[in-house]
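Q: Submitted below is the structure of interest, expressed as structure tokens.
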Amino acid sequence: MEDSFSSHRQKSKFLSEKAKTLIAGGITSELRYALPFPIFISKAKGSRKWDVDGNEYIDYSMGSAALLLGHSHDAIVDAVNSKIGDGTLYSALTEQELEWAELISDMYPSSERVRFVGSGTEANILAIRIARAFKGRSKIIRFEGHFHGWGDDTNVGIKFPFDKPVTHGLPPNVVDSSVVCPADLKYVEEVLSKDKDIAAIILEPSGASWGTVPIPDAFLQGLRKVCDLNDVVLIFDEVITGFRWSPGGVQALEGVTPDLTTLAKNLTGGLPGGCVAGKSELMDLLDPSKEFKGLQAGVFHRGTFNANPLSTASGIVALEIFKLGEVQQKADLLAGKLRQNFSQIFKKHEIAGFVYGESSTFHIYLGSHKKDDLTSLNAHGLKGIPQNQVLDFQMSLRSRGVDLLSYTGGVTSSAHTEDDIERTISVFEDSIVELIENDKIPRL
Ligand code: PLP
């Protein structure tokens, strides 16, 4: 498997060796680690991308789910091109920024005020700071396997074992300020009844890692009630679900309004950026004309690239498209077809595992657990596929021109076509056969 992958990717192989001497770890984000080496991409358009060796890929990573419109969508390219000659950073407000904020507020029930930031990670750092400042408490509740970027506050509980940080370098008080819970309302209620220092609950409203570990039915509604009863801020991290699950994210779909929402990725049409959107009483802490507990403003926040003109122009165009809901419908339909056909292939080849997902995502579980009650399969189960199995699975598909987002899943975009889906299904079956032949995938 590895030889055939490498022989068609000699330039990537060479560059990946060079990268190790220039870039820390040879990669620019941990997610880009791959075996036997990462591929180097030279261009992308629509549903496809091409590597430096000329190999073509149907892309289900889509900029780590930031490109619901596909690569280089004409409207985004035009928006950026028409703006770039007017200056790229003014360090000042723009009229367009207000237009962008207005679009967000129209779509997101929780958005009374918006503050733009540089990324999804920054959005969560700021949302947590606002919640802590507002409540005058220090701890947050988060959930096993949920991902909120690489900021200090949310780096306990991402991977198994969930009571441990995923990194060294966190001060003990930061580690102690994360209370990691299973997605179980009773458990959360019990924590809140004992610990009076909880400022906020933060979660991915899709369930951990864009739905890799779904949450129980009515969990969001339950959390809303629990937060109200216990006077705790509810934060929805809609960095992935925002605009993708529906124009108004999961909150509009489920009718649950959090106090704060974090958005990024599709918010900017795939350019750098993000925002916190939320209730004015919380967001007012960012107002330098207002005093809060002896400080003006109560919460400090800056950022050179916040709402930069290019991300703003691209974001406005993207949101104008997203608000119609059509691109989401198309991407959802295509992901549904993939899920259905992958499932059939699993059955045919007697693979131990199952295919699942919602919205425009697909997830693949490899292992002995059954699908019957997905939510009783906890984060340990669904995120517990051995790493080598995951990397082999990714490599087998990648060597045939299908690239996943992370782990064993991917996302569709409105740029994917029926042809892409047909081709992917055929490639998927070839990969499964190869993995079986090499004893790299569990069987029933
Ligand atoms: N929150 C979620 C749910 C994410 O999936 C991500 C990134 O994948 C982040 C936050 C961090 O966003 P960024 O990579 O823009 O910092």
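The values are calculated or read from the model by the stated rules, or taken from the named source; none is laboratory data. In this text the structure is predicted, and so the values were computed from the model without any measurement. Every residue, glycine as well, gets a Cβ built from its backbone with ideal geometry; the counts of neighbours run over all protein chains shown. We work out accessible area using only protein heavy atoms, side chains counted, and drop any ligands, DNA or RNA first. Shrake-Rupley method; radii C 1.70, N 1.55, O 1.52, S 1.80 Å.
Q: Would you check if there is a residue in the stretch 183-193 being surrounded by 15 or more Cβ atoms within 10 Å (Cβ to Cβ), within 16 Å of the ligand (Cβ to nearest atom) and touching a residue at least 12 places away in the same chain (Cβ under 8 Å)?
A: Yes, the stretch 183-193 contains a residue that is surrounded by 15 or more Cβ atoms within 10 Å (Cβ to Cβ), within 16 Å of the ligand (Cβ to nearest atom) and touching a residue at least 12 places away in the same chain (Cβ under 8 Å).
Q: A follow-up question, please. For Ala415, work out the one condition from (1) part of a helix (DSSP H, G or I); (2) among the small types (Gly, Ala, Ser); (3) open to solvent by 10 Å² or more (accessible area, probe 1.4 Å) it doesn't fulfil.
A: Exception for Ala415: condition (1).
Q: Which residue, of Ile364, Ile351, Ile432, is open to solvent by less than 10 Å² (accessible area, probe 1.4 Å), in contact with a strand residue (DSSP E or B) (Cβ under 7 Å, 6 or more places away or on another chain) and without any contact (Cβ under 8 Å) to a residue 60 or more places away in the chain? Step through it out loud before you land on a result.
A: On the way: Ile351 fails: without any contact (Cβ under 8 Å) to a residue 60 or more places away in the chain; Ile432 fails: without any contact (Cβ under 8 Å) to a residue 60 or more places away in the chain.
From the options Ile364, Ile351, Ile432, the qualifying one is Ile364.
Q: I'd like the full set of residues that are touching a Gly at 6+ places or on another chain (Cβ under 9 Å), farther than 11 Å from Lys383 by Cα and more than 11 Å from the ligand (Cβ to nearest atom), limited to the stretch 142-154.
A: Arg142, Phe143, Asp152
Q: Moving on to the next point. Can you find a residue in the stretch 235-243 that is within 16 Å of the ligand (Cβ to nearest atom), open to solvent by less than 20 Å² (accessible area, probe 1.4 Å), on the phi > 0 side of the Ramachandran plot and not charged (D, E, K, R)?
A: yes
Q: A follow-up question, please. Being open to solvent by 20 Å² or more (accessible area, probe 1.4 Å), under 26 Å from Ala123 (Cα atoms) and small (Gly, Ala, Ser) narrows it down to one residue among Gly357, Gly325, Gly336, Gly315; which is it? Talk me through it step by step, then tell me what you get.
A: Working: Gly325 fails: open to solvent by 20 Å² or more (accessible area, probe 1.4 Å); Gly336 fails: under 26 Å from Ala123 (Cα atoms); Gly315 fails: open to solvent by 20 Å² or more (accessible area, probe 1.4 Å).
Exactly one of Gly357, Gly325, Gly336, Gly315 is open to solvent by 20 Å² or more (accessible area, probe 1.4 Å), under 26 Å from Ala123 (Cα atoms) and small (Gly, Ala, Ser), namely Gly357.
Q: Can you tell me which of Leu382, Leu404, Leu435 is hydrophobic (A, V, I, L, M, F, W, C) and at pLDDT below 95? Full working, then the answer.
A: Working: Leu404 fails: at pLDDT below 95; Leu435 fails: at pLDDT below 95.
After ruling out the rest, the residue left standing is Leu382.
Here's the yes/no breakdown for (1) surrounded by 15 or more Cβ atoms within 10 Å (Cβ to Cβ); (2) more than 23 Å from the chain's Cα centre (by Cα); (3) away from the ligand (no atom under 16 Å from the Cβ); (4) of a type in the set (S, T, N, Q):
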{"site": "Gln10", "(1), (2), (3), (4)": "no, yes, yes, yes"}
{"site": "Ile27", "(1), (2), (3), (4)": "yes, no, no, no"}
{"site": "Lys45", "(1), (2), (3), (4)": "no, no, yes, no"}
{"site": "Glu56", "(1), (2), (3), (4)": "no, yes, yes, no"}
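Q: Let me ask something else. Against the conditions (1) in contact with a strand residue (DSSP E or B) (Cβ under 9 Å, 6 or more places away or on another chain); (2) open to solvent by 60 Å² or more (accessible area, probe 1.4 Å); (3) hydrophobic (A, V, I, L, M, F, W, C), where does Ile39 fall short? Just the number, please.
A: Failing condition for Ile39: (2).
Q: Can you pull out every residue in the stretch 148-173 that is open to solvent by 80 Å² or more (accessible area, probe 1.4 Å), in a loop (DSSP other than H, G, I, E, B) and closer than 21 Å to Ala199 by Cα?
A: Trp150, Asp163, Lys164
Q: Restricting to the stretch 184-230, and then to whatever is over 18 Å from the mean Cα position of the chain (by Cα) and among the small types (Gly, Ala, Ser), can you tell me which residue is nearest to Thr361 (Cα to Cα)?
A: Filtering first and then ranking leaves Ala218.
Q: Sticking with this structure for a sec: Looking only at the stretch 101-141, which residues are open to solvent by 60 Å² or more (accessible area, probe 1.4 Å) and either within 16 Å of the ligand (Cβ to nearest atom) or within 18 Å of Lys265 (Cβ to Cβ) (or both)? First the steps, then the outcome.
A: The initial filter retains those residues of the stretch 101-141 that are open to solvent by 60 Å² or more (accessible area, probe 1.4 Å), namely 102, 106, 109, 112-113, 115, 122, 125, 129.
The answer is Arg115, Glu122, Ile125, Arg129.
Q: Taking into account only those residues within the stretch 62-100 that are surrounded by 20 or more Cβ atoms within 10 Å (Cβ to Cβ) and of a type in the set (Gly, Ala, Ser), which is farthest from the ligand (Cβ to nearest atom)?
A: Here the answer is Ala79.
Q: Moving to a separate point now. Go through the stretch 252-265 residue by residue and tally those that are away from the ligand (no atom under 11 Å from the Cβ) and either open to solvent by 10 Å² or more (accessible area, probe 1.4 Å) or under 22 Å from Ser413 (Cβ atoms) (or both). Before the answer, list the steps.
A: The first filter runs over the stretch 252-265 and keeps only residues away from the ligand (no atom under 11 Å from the Cβ), leaving 252-261.
Next, from what is left, pick out any that are either open to solvent by 10 Å² or more (accessible area, probe 1.4 Å) or under 22 Å from Ser413 (Cβ atoms) (or both): 252-255, 257, 259.
Number satisfying all stated conditions: 6.
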